[in-house]
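The values are calculated or read from the model by the stated rules, or taken from the named source; none is laboratory data. Just so we're clear, the structure is a prediction, and the values are computed from it rather than from any experiment. Please note: Cβ atoms are built from the backbone with ideal geometry, for glycine as well, and neighbour counts cover all protein chains shown. Note: accessible area is taken over every heavy atom of the protein model, side chains too, but ligands, DNA and RNA are not part of it. Shrake-Rupley method; radii C 1.70, N 1.55, O 1.52, S 1.80 Å.
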Amino acid sequence: MYNILKNAHSGWAYLLLLVLAIATINAIIGFAGKKEFGNKDFSLALVGLIVTHIQLLLGLALWAFSPYSSMLFSDTSTVMSTPEIRLLAIEHPFMMIIAVALLTVGYSKHKKKIVSNSKFKVLAIFYTLAFLVVLSRLPWKQWM
């Protein structure tokens, strides 16, 4: 079960990075270019949100079956003193939850805005922050 979840989580991460990058860039371009917010923009933001939430569910399931989570509860000092293990057991899951929260807040706030530029601004801020959080805590050494 662990290997299936690990492969699904790793594979879905490529899609997540692509979709999140496109949604973020679209929001920045829309805000900077003072474009009209349309169905395409709404769809990109929504797909980014959905793909990220699916990845979170896969990640939480993976963490539950992970040897890193059980190690966290049985040998906390080793986890905290080993940067690679700490990244996978604590830092990556915690920061990804923060990234999903940022995306969710940004998406919710943009729906309440009426003016297109305000919609793009909220999405640009929150999606960029979330994207940076995701990039900052990816386990690049294991993933690539």
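Summary of computed values
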read-out: Calculated diffusion of the chain, Stokes-Einstein form, Kirkwood radius summed over Cα pairs, 37 °C and 0.692 mPa s, µm²/s; value: 205
read-out: Pair-distance profile P(r), taking every C-alpha pair of segment 13-79, with 5 angstrom steps and integer %; value: 3, 16, 17, 14, 11, 10, 9, 8, 6, 4, 2
read-out: Average accessible surface area per residue within segment 1-107, 1.4 Å rolling probe, Å²; value: 55
read-out: Dmax and Rg, reported as Rg then Dmax, of segment 59-144 (C-alpha, Å); value: 16.5, 52
read-out: Among the listed pairs Lys119/Lys141; Lys34/Lys112; Lys35/Lys141; Lys109/Lys141, those beyond 27 Å (Cα-Cα); value: Lys119/Lys141; Lys35/Lys141; Lys109/Lys141
read-out: Protein accessible area in the chain, 1.4 Å probe - carbon and sulfur %; value: 71
read-out: Sequence ranges 24-32, 56-64, ranked by mean other-Cβ count within 10 angstrom, highest first; value: 24-32, 56-64
read-out: About the Cα centre, charge dipole magnitude for the chain (Lys/Arg +1, Asp/Glu -1 at Cβ), debye; value: 660
